[in-house]
Amino acid sequence: MHIPHQYRNENLDEVKDFLKNNSFGILVNQVDGKPWATHIPLELDKDENGNAILVGHIAKANPQGSSFKNEQEVLCIFNGPHSYVSSSWYKKEAVPTWNYVAVHIYGSLKILDEEAVLAALHTLVDKYEVQSEKPVSINNLSKNTMHQLKGIIGFQISINEIQAAYKLSQGRAHEHQRIIEELEKTEDSGSKEIAKLMKTQST
C-alpha cells in the first residue's frame with residue numbers, strides 16, 4: 001500500500017498491539033487467476049523459533065482454501081478506526097480528508113496439520129471466551145461438535161513485510177487540538193478512537 005513517509009508507523013510493538021486488538025482481517029490470494037478475499041480472524045502468535053506469525057483457518061468449502069500451497073505469498077489486511085476530517089476545522093481553506101489506521105502484512109503461508117489446528121482453536125476460543133459470563137471451552141465440546149474440525153483448513157503465515165499506515169493529521173500538528181475537539185463531538189465511535197490516537201501521538 002502507498003504510505004507517505006509521515007504516515008508510516010515503524011514502531012513494531014505498537015503495530016503488534018494493534019494486530020492483537022484488531023485481529024479480524026482480510027486474507028487475500030489468487031484463485032483461478034483473480035484476487036480472492038476472505039474475512040476471518042488472523043491471530044498474531046509466535047512459531048517454534050519465536051518469530052511472529054499469523055494463524056487462522058477457513059472452511060474447506062471456500063474455494064480460496066483449494067488454492068493454498070505451502071510457501072504461497074498472501075496478503076493480510078487489517079483495518080482500524082477511521083474518520084472523516086472536515087476542512088472547516090482548519091484555520092485556512094483546504095480540502096477535507098480522512099484519518100485512519102490500516103496495516104498490510106505480506107507473508108508465506110503454511111498449511112497446518114489437525115493437531116496444530118486444534119491447538120490454534122484452543123488459543124482463539126480461550127482469548128475471546130474470557131469475556132463471557134459462561135465461557136465455552138474446546139475441551140468440553142462433544143465429539144460430534146468437534147467433528148466439524150474436519151471441515152476447515154488451518155494455516156499459519158510467516159511475516160515477510162509489515163506496512164502500517166497511521167494517518168493522523170501529522171501535517172497539521174498546530175491544529176491537532178481543534179481537530180481532536182471536533183472529532184470528540186461526534187457520535188461516531190471511529191472518530192472518537194481517532195481522537196484518542198491523535199492525543200497519544202501528540203504526547
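Bear in mind that the values in this text are calculations on the coordinates, not laboratory data. Just so it is clear, the structure is predicted and the values come from calculations on it, not from any experiment.
Observations, loosely collected:
- Taking all Cα pairs closer than 8 Å and separated by 6 or more residues, the relative contact order of the chain comes to 25 percent.
- Value at 222 nm in deg cm²/dmol, rounded to 500, when DSSP H runs of n ≥ 4 in the chain each add -39,500 (n - 2.57): -8500 deg cm²/dmol
- Relative to the dominant Cα principal axis of the chain, helix 189-202 is inclined by about 70°.
- Three-way shape call for the range 95-162 based on the alpha-carbon gyration tensor, with the a/c threshold at 1.5: oblate
- Considering only Lys16, Lys110, Lys134, the Gaussian network model of the chain with Cα springs below 10 Å gives its largest mean-square fluctuation to Lys134.
- For the range 106-171 and the range 75-92, distance of Cα centres in Å: 29 Å
- The mean sequence distance of close C-alpha pairs (under 8 Å, at least 6 residues apart), as a share of the length of the range 1-103, puts its relative contact order at 22 percent.
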